[in-house]
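Reading through the structure tokens given below for one structure.
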Amino acid sequence: MTQYLLSVWPDWEIGMPEPAVVERMYAQVDAFNAELQSAGAWVFGGGLHPPASATVVRAADGGVSMTDGTYAEAKEQIGGFWIITAPDLDAALAWAHKGAVACEGPVEVRPFQDDTA
């Protein structure tokens, strides 16, 4: 089985939806998480605070530099993720479809590198 990262990419410029929408989305994601867990596909998952809460750490000239805010200057930034196991890409894509429906946003699928390569 291969591990895949399913990352959620909301448009942070839109802002948070209405509380009723957020509540619905949380319930949908909780149900999706339970489905992943009962299927044995769940490894780990979590939501992230907005990009403004980020700190970028860089190694520079033998030292460290830190800057507040996100690394990438873009309106879409990662908002959460799941790490799953799946037998193949098609199965991971099927899980991502369910995740996209649950969180009502785009989900990117990327396999982890194989240790044996």
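Derivation of every value follows stated rules applied to the coordinates shown; laboratory data play no part. Just so it is clear, the model here is predicted, and its values are computed rather than measured. Neighbour counts run over all protein chains shown; Cβ positions are idealised from the backbone, glycine included.
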Using θ = phi - 60° and the Karplus curve 6.51 cos²θ - 1.76 cosθ + 1.60, what whole-Hz ³J(HN,Hα) does each residue of segment 28-36 get, with Gly and Pro shown as x? 5, 5, 4, 5, 5, 4, 5, 5, 4
May I ask for the distance between the Cα centers of segment 67-103 and segment 1-21, given as a whole number of Å? 7
Under 5 Å, built H, 5+ apart or other chain: amide partners of residue 77: 12
What is the distance, in nm, between label points placed 7 Å from the Cα along the Cα-to-Cβ direction at residue 113 and at residue 44? 1.7
Ascending count of other beta-carbon atoms within 10 Å, so fewest first, for 97, 49: 49, 97
Extension gain residue 65-residue 13, at 0.36 nm per residue separation less the Cα-Cα distance, in nm? 16.0 nm
Where labels lie 7 Å past Cα in the beta-carbon direction, separation of residue 83 and residue 97 in nm: 2.7
Relative to the compact-globule estimate 2.2 N^0.38 Å (N residues), the Cα gyration radius of segment 2-111 stands at a ratio of 1.21
